[in-house]
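Let me begin by presenting the structure, written as C-alpha coordinates, before commenting on it.
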Protein chains: 2
Amino acid sequence: MTGQTADRSVAHATFTIERRYAAAPARVFKAFEDPAQKRRWFVEGEGWEIESFEMDFRVGGFERSSFRFQGGPLVTNETIYQDIVPEKRIIVAYRMTVGGNPISASLATMQFEPDGKGTRLVFTEQDAFLDGYDDVGQREEGCRELLEALAKELDR
Amino acid sequence: MTGQTADRSVAHATFTIERRYAAAPARVFKAFEDPAQKRRWFVEGEGWEIESFEMDFRVGGFERSSFRFQGGPLVTNETIYQDIVPEKRIIVAYRMTVGGNPISASLATMQFEPDGKGTRLVFTEQDAFLDGYDDVGQREEGCRELLEALAKELDR
(Lines give C-alpha, C1' and ligand atoms only; values in the text may rest on other atoms or scores of the structure.)
Protein backbone atom coordinates (compact mmCIF):
# COMPACT_ATOMS: atom_id res chain seq x y z
CA MET A 1 0.00 0.00 0.00
CA THR A 2 2.76 2.43 -0.94
CA GLY A 3 2.13 5.66 -2.75
CA GLN A 4 -1.61 5.64 -2.09
CA THR A 5 -3.52 8.88 -1.89
CA ALA A 6 -7.01 9.71 -0.69
CA ASP A 7 -8.20 10.01 -4.30
CA ARG A 8 -9.94 6.86 -5.38
CA SER A 9 -11.52 6.05 -8.68
CA VAL A 10 -12.70 3.04 -10.62
CA ALA A 11 -13.06 3.06 -14.40
CA HIS A 12 -14.99 0.08 -15.79
CA ALA A 13 -14.42 -1.06 -19.36
CA THR A 14 -14.89 -4.04 -21.65
CA PHE A 15 -13.03 -4.95 -24.82
CA THR A 16 -12.93 -7.91 -27.19
CA ILE A 17 -10.10 -9.09 -29.42
CA GLU A 18 -10.61 -11.74 -32.10
CA ARG A 19 -7.62 -13.49 -33.56
CA ARG A 20 -7.09 -16.43 -35.87
CA TYR A 21 -4.36 -19.04 -35.42
CA ALA A 22 -3.36 -21.69 -37.96
CA ALA A 23 -3.14 -24.32 -35.19
CA ALA A 24 -6.19 -26.34 -34.10
CA PRO A 25 -8.06 -25.53 -30.85
CA ALA A 26 -6.43 -28.44 -28.97
CA ARG A 27 -2.96 -27.06 -29.79
CA VAL A 28 -3.85 -23.46 -28.88
CA PHE A 29 -5.48 -24.59 -25.63
CA LYS A 30 -2.30 -26.53 -24.76
CA ALA A 31 -0.31 -23.28 -24.87
CA PHE A 32 -2.53 -22.01 -22.03
CA GLU A 33 -2.52 -25.28 -20.09
CA ASP A 34 1.18 -26.18 -20.16
CA PRO A 35 3.23 -24.12 -17.65
CA ALA A 36 6.44 -24.12 -19.73
CA GLN A 37 4.61 -22.85 -22.82
CA LYS A 38 2.47 -20.35 -20.90
CA ARG A 39 5.53 -18.91 -19.16
CA ARG A 40 7.29 -18.49 -22.50
CA TRP A 41 4.62 -16.49 -24.31
CA PHE A 42 2.85 -14.89 -21.37
CA VAL A 43 5.64 -13.61 -19.11
CA GLU A 44 8.99 -13.88 -20.89
CA GLY A 45 10.04 -11.27 -23.42
CA GLU A 46 12.88 -8.93 -24.33
CA GLY A 47 13.56 -6.43 -21.56
CA TRP A 48 11.43 -8.28 -19.00
CA GLU A 49 13.04 -9.77 -15.88
CA ILE A 50 10.92 -12.54 -14.35
CA GLU A 51 11.03 -12.67 -10.55
CA SER A 52 8.52 -15.49 -10.11
CA PHE A 53 6.04 -17.62 -12.05
CA GLU A 54 3.84 -20.43 -10.80
CA MET A 55 0.60 -21.84 -12.11
CA ASP A 56 -1.96 -24.45 -11.11
CA PHE A 57 -4.25 -24.92 -14.10
CA ARG A 58 -7.57 -26.01 -12.57
CA VAL A 59 -10.73 -24.22 -11.51
CA GLY A 60 -9.91 -22.46 -8.23
CA GLY A 61 -6.18 -22.77 -8.90
CA PHE A 62 -3.87 -19.76 -8.93
CA GLU A 63 -1.38 -18.43 -11.43
CA ARG A 64 1.00 -15.90 -9.93
CA SER A 65 3.77 -14.00 -11.65
CA SER A 66 5.98 -11.04 -10.83
CA PHE A 67 8.36 -9.23 -13.15
CA ARG A 68 10.04 -5.93 -13.97
CA PHE A 69 10.54 -4.15 -17.26
CA GLN A 70 14.10 -2.84 -17.73
CA GLY A 71 14.72 -2.44 -13.98
CA GLY A 72 11.42 -0.65 -13.37
CA PRO A 73 8.97 -1.22 -10.49
CA LEU A 74 7.81 -4.71 -9.60
CA VAL A 75 4.67 -5.75 -11.45
CA THR A 76 2.54 -8.57 -10.03
CA ASN A 77 -0.29 -10.58 -11.56
CA GLU A 78 -2.41 -12.81 -9.35
CA THR A 79 -4.80 -14.89 -11.42
CA ILE A 80 -7.43 -17.40 -10.30
CA TYR A 81 -8.99 -19.82 -12.78
CA GLN A 82 -12.77 -19.37 -12.75
CA ASP A 83 -13.86 -21.78 -15.49
CA ILE A 84 -12.11 -24.29 -17.73
CA VAL A 85 -13.71 -26.33 -20.53
CA PRO A 86 -10.89 -28.25 -22.25
CA GLU A 87 -10.13 -26.99 -25.77
CA LYS A 88 -13.13 -24.65 -25.61
CA ARG A 89 -13.05 -22.04 -22.87
CA ILE A 90 -10.94 -20.53 -20.08
CA ILE A 91 -12.14 -17.78 -17.74
CA VAL A 92 -9.82 -16.12 -15.24
CA ALA A 93 -10.07 -13.33 -12.71
CA TYR A 94 -6.86 -11.42 -12.10
CA ARG A 95 -5.55 -8.47 -10.17
CA MET A 96 -2.41 -6.52 -10.96
CA THR A 97 -0.16 -4.27 -8.92
CA VAL A 98 2.72 -1.99 -9.96
CA GLY A 99 5.20 -0.86 -7.32
CA GLY A 100 2.82 -2.12 -4.64
CA ASN A 101 -0.19 -0.18 -5.96
CA PRO A 102 -3.26 -2.12 -7.08
CA ILE A 103 -3.94 -1.03 -10.65
CA SER A 104 -6.77 -3.30 -11.82
CA ALA A 105 -9.12 -6.19 -11.23
CA SER A 106 -10.26 -8.03 -14.34
CA LEU A 107 -12.29 -10.91 -15.69
CA ALA A 108 -10.93 -12.39 -18.91
CA THR A 109 -12.75 -14.96 -21.09
CA MET A 110 -10.96 -16.93 -23.80
CA GLN A 111 -13.14 -18.88 -26.23
CA PHE A 112 -11.52 -21.30 -28.67
CA GLU A 113 -13.57 -22.04 -31.79
CA PRO A 114 -12.64 -24.28 -34.73
CA ASP A 115 -12.10 -22.22 -37.89
CA GLY A 116 -11.28 -24.55 -40.77
CA LYS A 117 -8.13 -26.35 -39.63
CA GLY A 118 -7.26 -23.45 -37.34
CA THR A 119 -8.69 -21.63 -34.35
CA ARG A 120 -10.64 -18.45 -33.87
CA LEU A 121 -9.80 -17.10 -30.41
CA VAL A 122 -12.28 -14.64 -28.94
CA PHE A 123 -10.73 -12.82 -26.00
CA THR A 124 -13.11 -10.70 -23.91
CA GLU A 125 -11.88 -8.70 -20.95
CA GLN A 126 -14.02 -6.87 -18.39
CA ASP A 127 -11.96 -4.49 -16.26
CA ALA A 128 -12.07 -2.30 -13.22
CA PHE A 129 -9.12 0.11 -13.53
CA LEU A 130 -8.13 1.58 -10.19
CA ASP A 131 -7.12 5.08 -9.18
CA GLY A 132 -5.95 6.14 -12.64
CA TYR A 133 -3.02 3.72 -12.82
CA ASP A 134 -4.05 2.02 -16.06
CA ASP A 135 -6.66 2.38 -18.79
CA VAL A 136 -8.44 0.30 -21.39
CA GLY A 137 -6.28 1.52 -24.28
CA GLN A 138 -3.04 0.39 -22.65
CA ARG A 139 -4.58 -2.87 -21.48
CA GLU A 140 -6.00 -3.78 -24.87
CA GLU A 141 -2.64 -2.99 -26.48
CA GLY A 142 -0.88 -5.23 -23.93
CA CYS A 143 -3.32 -8.08 -24.59
CA ARG A 144 -2.85 -7.77 -28.37
CA GLU A 145 0.92 -8.07 -27.84
CA LEU A 146 0.39 -11.22 -25.72
CA LEU A 147 -1.83 -12.80 -28.37
CA GLU A 148 0.90 -12.03 -30.93
CA ALA A 149 3.47 -13.69 -28.63
CA LEU A 150 1.14 -16.71 -28.50
CA ALA A 151 1.24 -16.88 -32.31
CA LYS A 152 5.05 -17.05 -32.16
CA GLU A 153 4.85 -19.79 -29.50
CA LEU A 154 2.57 -21.83 -31.77
CA ASP A 155 5.10 -21.42 -34.61
CA ARG A 156 8.00 -22.81 -32.57
CA MET B 1 -19.64 -31.52 -14.10
CA THR B 2 -23.11 -33.07 -14.09
CA GLY B 3 -25.67 -32.34 -16.75
CA GLN B 4 -23.16 -30.75 -19.12
CA THR B 5 -23.70 -30.87 -22.83
CA ALA B 6 -21.45 -30.15 -25.76
CA ASP B 7 -23.18 -26.79 -26.27
CA ARG B 8 -21.16 -24.02 -24.73
CA SER B 9 -21.89 -20.35 -24.68
CA VAL B 10 -20.78 -17.24 -22.84
CA ALA B 11 -22.95 -14.12 -22.58
CA HIS B 12 -21.09 -11.05 -21.31
CA ALA B 13 -23.00 -8.25 -19.62
CA THR B 14 -22.51 -5.27 -17.31
CA PHE B 15 -25.02 -3.57 -15.05
CA THR B 16 -24.92 -0.86 -12.40
CA ILE B 17 -27.24 -0.33 -9.44
CA GLU B 18 -27.16 2.86 -7.38
CA ARG B 19 -28.77 2.90 -3.98
CA ARG B 20 -28.86 5.33 -1.08
CA TYR B 21 -28.68 4.30 2.57
CA ALA B 22 -29.35 6.55 5.57
CA ALA B 23 -26.30 5.10 7.40
CA ALA B 24 -22.82 6.57 6.92
CA PRO B 25 -20.20 4.82 4.71
CA ALA B 26 -18.34 3.41 7.75
CA ARG B 27 -21.54 1.68 8.91
CA VAL B 28 -22.46 0.35 5.48
CA PHE B 29 -18.91 -0.91 4.92
CA LYS B 30 -19.08 -2.72 8.28
CA ALA B 31 -22.05 -4.76 7.03
CA PHE B 32 -19.75 -6.13 4.31
CA GLU B 33 -16.74 -6.62 6.61
CA ASP B 34 -18.35 -8.32 9.60
CA PRO B 35 -19.05 -12.03 8.95
CA ALA B 36 -22.14 -12.19 11.22
CA GLN B 37 -23.75 -9.20 9.49
CA LYS B 38 -22.73 -10.30 6.00
CA ARG B 39 -24.16 -13.78 6.56
CA ARG B 40 -27.46 -12.30 7.75
CA TRP B 41 -28.19 -10.06 4.78
CA PHE B 42 -26.25 -11.87 2.07
CA VAL B 43 -27.10 -15.56 2.52
CA GLU B 44 -29.93 -15.93 5.04
CA GLY B 45 -33.52 -15.38 3.98
CA GLU B 46 -36.95 -16.98 4.08
CA GLY B 47 -36.99 -20.27 2.20
CA TRP B 48 -33.19 -20.49 1.98
CA GLU B 49 -31.32 -23.31 3.73
CA ILE B 50 -27.66 -22.45 4.36
CA GLU B 51 -25.30 -25.43 4.05
CA SER B 52 -22.08 -23.49 4.60
CA PHE B 53 -20.73 -19.97 4.95
CA GLU B 54 -17.19 -18.83 5.61
CA MET B 55 -15.42 -15.59 4.86
CA ASP B 56 -11.93 -14.13 5.14
CA PHE B 57 -12.26 -10.42 4.47
CA ARG B 58 -8.87 -9.44 3.06
CA VAL B 59 -7.42 -9.06 -0.42
CA GLY B 60 -6.80 -12.60 -1.69
CA GLY B 61 -9.14 -14.04 0.96
CA PHE B 62 -12.11 -16.24 0.06
CA GLU B 63 -15.78 -16.10 0.90
CA ARG B 64 -17.56 -19.38 0.22
CA SER B 65 -21.21 -20.15 0.69
CA SER B 66 -23.57 -22.95 -0.33
CA PHE B 67 -27.33 -23.02 0.04
CA ARG B 68 -30.60 -24.35 -1.33
CA PHE B 69 -33.89 -22.63 -1.98
CA GLN B 70 -36.88 -24.65 -0.73
CA GLY B 71 -35.12 -28.00 -1.11
CA GLY B 72 -33.90 -27.23 -4.64
CA PRO B 73 -30.45 -27.93 -6.10
CA LEU B 74 -27.32 -26.89 -4.23
CA VAL B 75 -26.14 -23.39 -5.14
CA THR B 76 -22.52 -22.43 -4.47
CA ASN B 77 -20.79 -19.06 -4.48
CA GLU B 78 -17.00 -18.90 -4.36
CA THR B 79 -15.81 -15.33 -3.97
CA ILE B 80 -12.26 -13.97 -3.80
CA TYR B 81 -11.61 -10.44 -2.57
CA GLN B 82 -9.73 -8.51 -5.27
CA ASP B 83 -9.50 -5.04 -3.75
CA ILE B 84 -10.48 -3.47 -0.43
CA VAL B 85 -10.21 0.21 0.51
CA PRO B 86 -11.79 0.61 3.96
CA GLU B 87 -15.09 2.51 3.90
CA LYS B 88 -14.62 3.29 0.20
CA ARG B 89 -14.40 0.31 -2.11
CA ILE B 90 -14.65 -3.48 -2.32
CA ILE B 91 -14.06 -5.50 -5.49
CA VAL B 92 -14.72 -9.23 -5.64
CA ALA B 93 -14.54 -11.93 -8.27
CA TYR B 94 -17.00 -14.77 -7.84
CA ARG B 95 -18.15 -17.91 -9.55
CA MET B 96 -21.47 -19.64 -9.01
CA THR B 97 -22.69 -23.17 -9.61
CA VAL B 98 -26.20 -24.65 -9.46
CA GLY B 99 -26.58 -28.41 -9.11
CA GLY B 100 -22.88 -28.78 -9.96
CA ASN B 101 -23.08 -26.73 -13.17
CA PRO B 102 -21.00 -23.56 -13.44
CA ILE B 103 -23.46 -20.76 -14.26
CA SER B 104 -21.36 -17.60 -14.10
CA ALA B 105 -18.08 -15.84 -13.40
CA SER B 106 -18.37 -12.22 -12.29
CA LEU B 107 -16.48 -9.16 -11.15
CA ALA B 108 -18.43 -6.94 -8.75
CA THR B 109 -17.35 -3.46 -7.62
CA MET B 110 -18.95 -1.73 -4.64
CA GLN B 111 -18.18 1.96 -4.17
CA PHE B 112 -19.26 3.72 -0.98
CA GLU B 113 -19.62 7.49 -1.28
CA PRO B 114 -20.74 9.96 1.39
CA ASP B 115 -24.15 11.46 0.55
CA GLY B 116 -25.12 13.98 3.22
CA LYS B 117 -25.16 11.91 6.42
CA GLY B 118 -25.84 8.77 4.42
CA THR B 119 -24.18 6.66 1.76
CA ARG B 120 -24.54 6.36 -1.97
CA LEU B 121 -23.61 2.80 -2.93
CA VAL B 122 -22.67 2.25 -6.56
CA PHE B 123 -22.71 -1.45 -7.39
CA THR B 124 -21.25 -2.42 -10.77
CA GLU B 125 -21.19 -6.01 -11.93
CA GLN B 126 -19.42 -7.39 -15.00
CA ASP B 127 -20.56 -10.91 -15.84
CA ALA B 128 -19.81 -13.90 -17.98
CA PHE B 129 -22.98 -16.04 -17.97
CA LEU B 130 -22.27 -19.63 -18.92
CA ASP B 131 -24.13 -22.08 -21.13
CA GLY B 132 -27.51 -20.36 -20.79
CA TYR B 133 -27.93 -21.07 -17.07
CA ASP B 134 -28.43 -17.46 -15.98
CA ASP B 135 -28.87 -14.04 -17.53
CA VAL B 136 -28.35 -10.39 -16.69
CA GLY B 137 -32.02 -9.73 -15.92
CA GLN B 138 -32.19 -12.41 -13.25
CA ARG B 139 -28.81 -11.45 -11.84
CA GLU B 140 -29.63 -7.76 -11.58
CA GLU B 141 -32.93 -8.62 -9.90
CA GLY B 142 -31.09 -10.85 -7.40
CA CYS B 143 -28.57 -8.11 -6.63
CA ARG B 144 -31.36 -5.55 -6.08
CA GLU B 145 -32.94 -7.93 -3.57
CA LEU B 146 -29.62 -8.30 -1.76
CA LEU B 147 -29.15 -4.53 -1.57
CA GLU B 148 -32.68 -4.29 -0.15
CA ALA B 149 -31.77 -6.96 2.44
CA LEU B 150 -28.73 -4.83 3.31
CA ALA B 151 -31.06 -1.89 3.99
CA LYS B 152 -32.99 -4.04 6.48
CA GLU B 153 -29.72 -5.14 8.13
CA LEU B 154 -28.73 -1.48 8.57
CA ASP B 155 -32.13 -0.80 10.20
CA ARG B 156 -31.73 -3.54 12.82
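The values are calculated or read from the model by the stated rules, or taken from the named source; none is laboratory data. Because the structure is predicted, anything quoted here is derived from the model rather than measured. All Cβ positions, glycine included, derive from the backbone under ideal geometry; neighbour counts span all protein chains shown. Keep in mind that these areas ignore ligands, DNA and RNA; they rest on the heavy atoms of the full protein, side chains included. Shrake-Rupley method; radii C 1.70, N 1.55, O 1.52, S 1.80 Å.
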Shortest-first distances to equivalent copies, position A:Asp34, nm, label 7 Å out along Cβ = 5.4
What are the label-to-label distances in nm, one decimal and shortest first, from A:Gly142 to the same spot in the other copies, with labels 7 Å along Cα to Cβ?
-> 3.0
Taking each residue of A:102-111 in turn, how many C-beta atoms of other protein chains fall within 10 Å of its C-beta, and what is the average?
-> 5
HN-Hα J couplings of the stretch A:12-18 from phi, Karplus 6.51/-1.76/1.60, θ = phi - 60°, integer Hz, Gly and Pro as x?
-> 8, 7, 9, 9, 10, 10, 10
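Compute the accessible area per residue over the protein assembly as shown, keeping the other protein chains in place, probe 1.4 Å, unit Å². If you can, show how the numbers build up before the last one.
On the way: 14360 Å² over 312 residues.
Value for the protein assembly as shown: 46 Å² per residue.
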Can you pull a Stokes-Einstein diffusion coefficient for the protein assembly as shown at 37 °C (0.692 mPa s), Rh from Kirkwood over Cα pairs, as a whole number of µm²/s?
-> 160
Between B:Glu18 and B:Lys117, what is the FRET efficiency for a Förster distance of 22 Å, r being their Cβ-Cβ separation, to the nearest 0.05?
-> 0.80
Could you give, in nm with one decimal, how far B:Lys117 is from each other copy of that position, shortest first, with labels 7 Å out from Cα toward Cβ?
-> 7.4
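May I ask for the equivalent-ellipsoid semi-axes of the stretch A:87-156, computed as the square root of five times each C-alpha gyration tensor eigenvalue and listed largest first in whole Å? Before the final figure, lay out each step's value.
Working: eigenvalues 144, 37, 19 Å².
With the √(5λ) rule applied to the stretch A:87-156, the semi-axes are 27, 14, 10 Å.
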To the nearest 0.05, what FRET efficiency results for A:Lys152 and A:Asn101 with a Förster distance of 41 Å applied to their C-beta separation?
-> 0.85
Hey, which aspartates and glutamates would be in cross-link range of B:Lys30, C-alpha to C-alpha under 15 Å, not counting anything within fewer than 8 residues on its own chain?
-> B:Asp56, B:Glu87, B:Glu113, B:Glu153, B:Asp155
Report, in deg cm²/dmol and to the nearest 500, the calculated mean residue ellipticity at 222 nm for the protein assembly as shown, where each DSSP H run with n ≥ 4 adds -39500 (n - 2.57) and the sum is divided by the residue count.
-> -7500 deg cm²/dmol
Sequence ranges A:82-88, A:141-147, A:44-50, ranked by mean other-Cβ count within 10 angstrom, highest first | A:82-88, A:141-147, A:44-50
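Name the helices (complete DSSP H segments) of chain B with a Cα length along the long axis of 24 Å or more and a Kyte-Doolittle mean of at least 0.5, or state none. Mind dumping the intermediate values first?
Values: long enough: B:136-155 (29 Å, -0.64).
The answer is none, since no helix passes both cut-offs.
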Roughly how compact is the stretch B:28-107, stated as its Cα Rg over 2.2 N^0.38 Å to two decimals?
-> 1.11
Peptide B:92-101 - average C-beta neighbours from other chains (10 Å radius) = 2
Descending Cα extents along the principal axes, chain A, whole Å | 53, 29, 28
Rough spin-label spacing in nm, given labels placed 7 Å along Cα→Cβ, for A:Gln138 and A:Arg8 = 2.1
